[in-house]
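Read the structure below first, then the notes.
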Amino acid sequence: MSDESPINDGISLYLAEPRGFCAGVRRATGLVEETLATYGAPVYVRHEIVHNKHVIADLEKKGAVFIEELDQASPDRPLVFSAHGVSRTVAEEAGSLSFNIIDATCPLVAKVHQQVRKYSQSGAEIIVIGKKRHPEVVGTVGQAENPQRVHVICTPEEATSLNLPANIPVAVVTQTTLSTDDTAEILDILHRRFPQLKGMPKGDICYATTNRQKAVRELAALCSTVIILGSQNSSNSKQLKETALKYGAKEAFLIDDASELDWDKIGAGQRIGISAGASAPEYLVEELIGCFRKRYNKINIHHVIVHKENVNFKM
């Protein structure tokens, strides 16, 4: 079937709301663009500002240079810390090298960093629920005065087997982009094991992650197929795909853009759910809908609204 010969049968698209950019992503990408406008290119960004290949490509065209190590940057040029945050060691090293630092750390991640510093100063053992190699978790662990007293876990089994001395203060924080269901299960285990556990009762998963997962649950109840726009290295996008499959979708795709969709698995008369991870720009959704319009004579669009977001962070 070609784009030039749309088929007669229609198809129904169910659009999740909210979807796409969250306030932290808007702030982070806006800071890079503002820095480029103020200082010109190049502007160095430590790690991908957010995990989306289209956002990265768009910023690279404007003059952003993404690096992993500080020695890859020139100290006479601005340096932006990504939305995922950095460890104290990285921040201190950048300061000692006299970089002009623009900190694009998401304020909700920065709040977790503050908690870790507080717990560390109190002498508590700190449990971080998250993916050990994820840059957000690396930065979070790096806030502690003694990283040896920080324990990263990501499964119920690890929560059950975690070996900590008895009768010591224990605190917990979480990565902000995890599955709300999985995190709740792990927190339940930890609270049973450590009755005096300090930390947020439901963890530190951000509003945007929570809202997008709720919306995808609704999609999965309505649609046999759910499409998530987002990159493979985006934790919150991957969680949306897993949420769709867990809550009833027979098929779920995580794609960077419409060109990656396996159209042979999309059939006329289907109900197709569409959402986007918190780092995926809205134009990717619009392009995907445009591709459906080329393939089908009739498109029925429905909006599945679970929450109206009005959160904005100051630059």
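Output the number of the condition that VAL55 fails; it satisfies all remaining conditions of (1) β-branched (Val, Ile, Thr); (2) part of a helix (DSSP H, G or I); (3) surrounded by fewer than 21 Cβ atoms within 10 Å (Cβ to Cβ); (4) in contact with a Pro (Cβ under 8 Å, 6 or more places away or on another chain).
(3)
Per-residue answers, yes or no, for (1) without any contact (Cβ under 8 Å) to a residue 60 or more places away in the chain; (2) farther than 30 Å from GLU34 by Cα; (3) not in a strand (DSSP E or B); (4) not assigned by TED's automatic domain parsing to the domain that holds ARG27:
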{"residue": "GLN114", "(1), (2), (3), (4)": "yes, no, yes, yes"}
{"residue": "LYS118", "(1), (2), (3), (4)": "yes, yes, yes, yes"}
{"residue": "VAL128", "(1), (2), (3), (4)": "yes, yes, no, yes"}
{"residue": "VAL138", "(1), (2), (3), (4)": "yes, no, yes, yes"}
{"residue": "HIS151", "(1), (2), (3), (4)": "yes, yes, no, yes"}
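Only one of (1) on the phi > 0 side of the Ramachandran plot; (2) surrounded by 17 or more Cβ atoms within 10 Å (Cβ to Cβ) is not met by SER237, so which one is it?
Single failed check for SER237: (1).
For segment 192-211, what are the residues that are in a loop (DSSP other than H, G, I, E, B), of a type outside the set (A, V, I, L, M, F, W, C) and within 25 Å of the chain's Cα centre (by Cα)?
Within segment 192-211, GLY199, PRO201, LYS202, GLY203, ASP204 qualify.
Just checking, how many residues over segment 243-287 are within 22 Å of ALA83 (Cβ to Cβ) and not aliphatic (A, V, I, L, M)?
Adding up the residues that qualify gives 9.
Please indicate, with yes or no, whether at least one residue in segment 268-285 is crowded, with 16+ Cβ neighbours inside 10 Å, modelled with pLDDT under 95 and over 23 Å from ILE305 (Cα atoms).
Looking for residues that are crowded, with 16+ Cβ neighbours inside 10 Å, modelled with pLDDT under 95 and over 23 Å from ILE305 (Cα atoms), one finds none in segment 268-285, hence no.
Could you run through segment 1-50 and say how many residues are modelled with pLDDT of 95 or more, outside any strand (DSSP E or B) and hydrophobic (A, V, I, L, M, F, W, C)?
12
Just name the residue that is nearest to the chain's Cα centre (by Cα) out of those in segment 117-131 that are surrounded by fewer than 23 Cβ atoms within 10 Å (Cβ to Cβ) and closer than 12 Å to GLY142 by Cα.
Across segment 117-131, the extreme among qualifying residues is ARG117.
Based on this model, can you work out whether ALA83 counts as exposed (fewer than 14 other Cβ atoms within 10 Å of the Cβ) and not in a strand (DSSP E or B)?
Criteria not met by ALA83.
The values are calculated or read from the model by the stated rules, or taken from the named source; none is laboratory data. As the structure is a computational prediction, the values presented were derived from the model and not from experiment. Note that we place each Cβ from the backbone using ideal geometry, even for glycine, and neighbour counts take in every protein chain shown.
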